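To keep things clear, I will list the structure first and then write my remarks on it.
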Amino acid sequence: MQDANRGVVVDFHFEGRRYSARAGQSVAAALFAEGVRGLRESPREQQPRGMFCLMGSCQECLVMVDGRRVLACQTEVSEGLSVSRVAEVGLHD
Amino acid sequence: MTDYDLIVLGAGPAGVNAALAASAAGLRVALFDENRAAGGQVYRAPAFAGTTDDSAERQAGDALREALAKSRVSAFLGHQVWAVTADFQVDAVGPQGSLSCTSRALVVASGTTERVVPFEGWTTPGVIGLAAATILLKSQKVLPGKTTLVAGCGPLLAAVAAGTLKAGGELRGIVDVAGFGDWLRALPAMLARPDILRQGLAWAWAIRRSRTPLYARHTLVRVIPEGERLRAELAPCDRAGRALPGERKQVLVDCVAVGHGLTPATEITRLLHARHRYSRKAGGWVAITDDCGRTSRERLYVVGDAAGIAGAAAAAEHGTLAGLACARELGAAAGSLDPALGQAQRRHARAARFGHAMARLMALREGHVQGIAADTIICRCEDVTRGEIDAACDAGARDVNQLKAWTRCGMGPCQGRTCGDVAAELLATRLDVPREAVGIFSARTPLRPMTVGALTGAFVYADIPIPKAAPL
Ligand SMILES: Cc1cc2nc3c(=O)[nH]c(=O)nc-3n(C[C@H](O)[C@H](O)[C@H](O)COP(=O)(O)OP(=O)(O)OC[C@H]3O[C@@H](n4cnc5c(N)ncnc54)[C@H](O)[C@@H]3O)c2cc1C
Ligand code: FES
């Protein structure tokens, strides 16, 4: 879909729910804009975490795409992209 | 024979200018950056086409990208560098899989990471870095929130505030650790760059006109989620940023953007064992260099903010300087480079004067970490609190690598990039020793976490050559 002000609009999924974004936007920024803030839990204390640095440094935005672990801030949305949370288990206890 | 004369790591203003200068002088140059377009942090390209933007930054970035496209530099954009060896072999993964190449010299132009001095609730989703907010605004065209609070110190504070207003966002406050006097002290150096000063004044005017509450000499002490929003608590603070007794103000917003300066990204120069020194003014540990960016390791250069925070204008000149110096060292176009080198040196000195004044506003303030509460998380990856760091220190940890081994602070996937500066400062403060004494986390490959799959790519198991078993 082409929208004069928004460029190409695409739909993608996070945890089964549909969201829309501009093609080329990062998954992290697109979800943030849609009000989705928490992306995962910290492995030790299971605290909610979300994107923080947006430049591939902090690793807080780790998600699953097509069975692979990727950084949401370094991954572009595309039509039909399916994103989910990583199944993080308590690693240390 | 090596693949290239020079490999440049990082395509921000420093790296691109180094590559262009060296290439124009006749060197075979390769340039790597994990981003798909050149420009670095300051001139980050918009994430999608069709956006109009008449800002000076956008124009400077477009000019940089155009010059690169017209040059003979082999640009490997969208390539993340995960290892660099002592003989200058660079290993990267890109869209087509992994790639390695070698060179005679190396210029590191890897930029910075942001420092955030922790406070209660800084790990709450919706609290982001100021640097992250600039990326949202500049490249992603997303407002940090319908309502935003910006906090911390330095020029990014003003940049995010002005950018948010320009994009139509509502600012609920600017919380600045610095006081008016700190900014005033930077003024003489700012006068050296009337162009940037003009931009600063335009920002100040936009902020004033918006009637955004300005909390000078204030700091964030706590952020608590409240439904979908965040309740931020502010307190007056001293010069160092330590909260003082006095009235706590509460602000309810969608997003909190906070940052306390930038630290040079030194993973690669540390990995290659160049000599480093600690400089609070330069943002932290930096490689020891001459003014052309030459390190203690032969043919290894470091330029731009990775060599010490000095801003975009200085980074560009620094890059040119190193590119030329490198061309001369490798024997390209001997002699004729001197006038250009002299000119670049003068221009760099002028730009750096301004940049250093800005960097001082962003330097980690002595005593700032002292105000962090014992149960506040320092290391986000491993959820290590200040109390645990203090306890390790009292039990005998004397340098940051010992601290890491004992507490896991800095051992997680970010490899200590987020917490390293603050953890070291906490340790040095508690031991009452200079920062040099507690050291810095050792740099390790891979420089960024990666999956084995990303390195190997798709393969058929039967294609793997298996050597015959040795006869018994
Ligand atoms: C988000 C942000 C916004 C900023 N905004 C401004 C501003 O408005 N004005 C200003 O004067 N300063 C700004 N700064 C400061 C900024 O660091 C410098 O001004 C300028 O960008 C420095 O240029 P540089 O070339 O040294 O580094 P950078 O521009 O940071 O470029 C470094 C490049 O190296 C790449 N890189 C690093 N490691 C790797 C690796 N392992 N593999 C592949 N690529 C790698 C990065 O992707 C990046 O593109 C900002 C900093 C940040 C972090
Ligand atoms: S938000 Fe920091 S790595 Fe993605």
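Determine ³J(HN,Hα), in whole Hz, for all residues of the stretch A:54-69 in sequence, where each value follows from phi through the Karplus function 6.51 cos²θ - 1.76 cosθ + 1.60 and θ = phi - 60°; x replaces Gly and Pro.
Each residue of the stretch A:54-69 in turn: 6, 10, x, 9, 7, 6, 6, 9, 4, 9, 9, 9, 6, x, 10, 7 Hz.
Kindly sort B:221, B:8 by accessible area of their heavy atoms, largest first, with the probe set to 1.4 Å.
Ranking B:221, B:8 by accessible area, largest first, yields B:221, B:8.
Can you tell me how much longer the chain between residue B:373 and residue B:346 gets when fully stretched, taken as 0.36 nm per residue apart minus their C-alpha distance, in nm with one decimal?
5.1 nm
P(r) tail for the protein assembly as shown, what percent of Cα pairs lie past 40 Å?
Values: 35216 of 159330 pairs.
Distances greater than 40 Å cover 22 percent of the Cα pairs.
Over the stretch B:372-438, what is the relative contact order in percent, taking alpha-carbon pairs closer than 8 angstrom and at least six residues apart?
Reported as a whole number, the value is 31 percent.
Between residue A:34 and residue B:470, how high is the FRET efficiency from 1/(1 + (r/R0)^6) when r is the Cβ-Cβ distance and R₀ = 35 Å? Nearest 0.05.
Plugging the Cβ-Cβ distance into 1/(1 + (r/R0)^6) gives 0.05.
Residue by residue through the stretch B:22-37, what is 3J(HN,Hα) from phi via Karplus (6.51 cos²θ - 1.76 cosθ + 1.60, θ = phi - 60°)? Round to whole Hz and write x for glycine and proline.
5, 5, 5, 7, x, 7, 7, 10, 10, 10, 10, 7, 6, 6, 6, 10
Determine the order of B:329, B:436 by accessible area, beginning with the largest, at a probe radius of 1.4 Å.
Greatest to least solvent exposure: B:436, B:329.
Provide the convex hull volume over Cα atoms per residue for chain B, in Å³. Before the final figure, lay out the partial values.
On the way: hull volume 86.4 nm³, N = 472.
Dividing the Cα hull volume of chain B by its residue count gives 183 Å³.
If the chain between residue B:238 and residue B:195 were fully stretched, how many nm would it gain, using 0.36 nm times the residue separation less the Cα-Cα distance?
The span from residue B:238 to residue B:195 would gain 12.3 nm if fully extended.
Go ahead and set up a Gaussian network model of chain A, Cα springs under 10 Å, then flag whichever of A:18, A:69, A:44 fluctuates most.
Most flexible of the set in this elastic network: A:44.
Tell me the accessible surface of residue B:42 in square angstrom (1.4 angstrom probe, heavy atoms of protein chains only), to the nearest ten.
The accessible area of residue B:42 comes to roughly 40 Å².
Taking every pair of alpha-carbon atoms in the stretch B:116-260, give the share separated by more than 18 Å as a whole percent.
54 percent
At 7 Å along Cα-to-Cβ for each site, give me the label-to-label distance between residue B:54 and residue B:299 in nm.
Reported label-point gap for residue B:54 and residue B:299 is 4.9 nm.
Considering Cα pairs under 8 angstrom that are at least six residues apart, work out the relative contact order of chain B and quote it in whole percent.
Over chain B, the number comes to 17 percent.
In terms of the Cα gyration tensor, with a ≥ b ≥ c the square roots of its eigenvalues, is chain A rounded because a/c is under 1.5, prolate because a/b exceeds b/c, or oblate?
Values: a/c = 2.43, a/b = 2.02, b/c = 1.20.
Prolate is the answer for chain A, as a/c is 1.5 or above and a/b outweighs b/c.
Would you kindly find the accessible area of residue B:459, with a 1.4 Å probe and non-protein molecules such as ligands, DNA and RNA excluded, rounding to the nearest 10 Å²?
120 Å²
Compute the semi-axes of the equivalent ellipsoid of the stretch B:351-472, taking the square root of 5 times each eigenvalue of the Cα gyration tensor, and list them largest first in whole Å.
Here the semi-axes work out to 40, 21, 14 Å.
Please go through the stretch B:187-266 and write out the GluC sites (Glu not before Pro) that DSSP classes as loop and that have at most 16 other C-beta atoms within 10 Å.
Here the sparse-neighbourhood loop sites are B:228, B:247.
Give me the Kirkwood hydrodynamic radius of the stretch B:1-134 in Å, from all C-alpha pairs, to one decimal place? If you can, show how the numbers build up before the last one.
Working: mean 1/r = 0.0618 Å⁻¹.
Computed over Cα pairs of the stretch B:1-134, the Kirkwood hydrodynamic radius comes out at 16.2 Å.
With every protein chain in place, what's the accessible area of residue B:79 (1.4 Å probe, Å², nearest 10)?
My reading of the accessible area for residue B:79 is about 20 Å².
If R0 is 25 Å, what FRET efficiency do you get for residue B:99 and residue B:66 from their C-beta distance, rounded to 0.05? Numbers along the way, then the final one.
Values: r = 25 Å, r/R0 = 1.01.
With R0 = 25 Å, the Cβ-Cβ based efficiency is 0.50.
Report, in deg cm²/dmol and to the nearest 500, the calculated mean residue ellipticity at 222 nm for chain B, where each DSSP H run with n ≥ 4 adds -39500 (n - 2.57) and the sum is divided by the residue count.
So the helix-based figure for chain B works out to -10500 deg cm²/dmol.
Along each principal axis of its Cα atoms, how long is the stretch B:372-438 end to end? Whole angstroms, biggest number first, please.
Answer, in whole Å and largest first: 28, 22, 18 Å.
How high is the FRET efficiency between residue A:78 and residue B:211 when r is their beta carbon distance and R₀ equals 45 Å, given to the nearest 0.05?
About 0.60, to the nearest 0.05.
Label residue B:401 and residue A:41 with points 7 Å out from Cα along Cα→Cβ: what is the distance between them in nm?
3.6 nm
Run the numbers for residue B:461 and residue B:394: contour at 0.36 nm per residue of separation, minus the present Cα-Cα distance, in nm.
18.9 nm
Mind listing the long-range amide H neighbours of residue B:372? Cut-off is under 5 Å, sequence gap 5 or more, other chains count too, H placed in the peptide plane at 1.01 Å from N.
For residue B:372, no residues qualify.
List the residues, sorted by chain then number, that are 5 or more residues from residue B:222 or on another chain and whose placed amide H is less than 5 Å from its amide H.
B:233
Sorted by accessible area with a 1.4 angstrom probe, largest first, how do B:1, A:64 fall?
Correct descending sequence by accessible area is B:1, A:64.
The values are calculated or read from the model by the stated rules, or taken from the named source; none is laboratory data. Bear in mind the structure is a predicted one, so any value in this text is a computation, not a measurement. Neighbour counts run over all protein chains shown; Cβ positions are idealised from the backbone, glycine included. The area values use the complete protein model at the heavy-atom level, side chains included, leaving out ligands, DNA and RNA. Shrake-Rupley method; radii C 1.70, N 1.55, O 1.52, S 1.80 Å.
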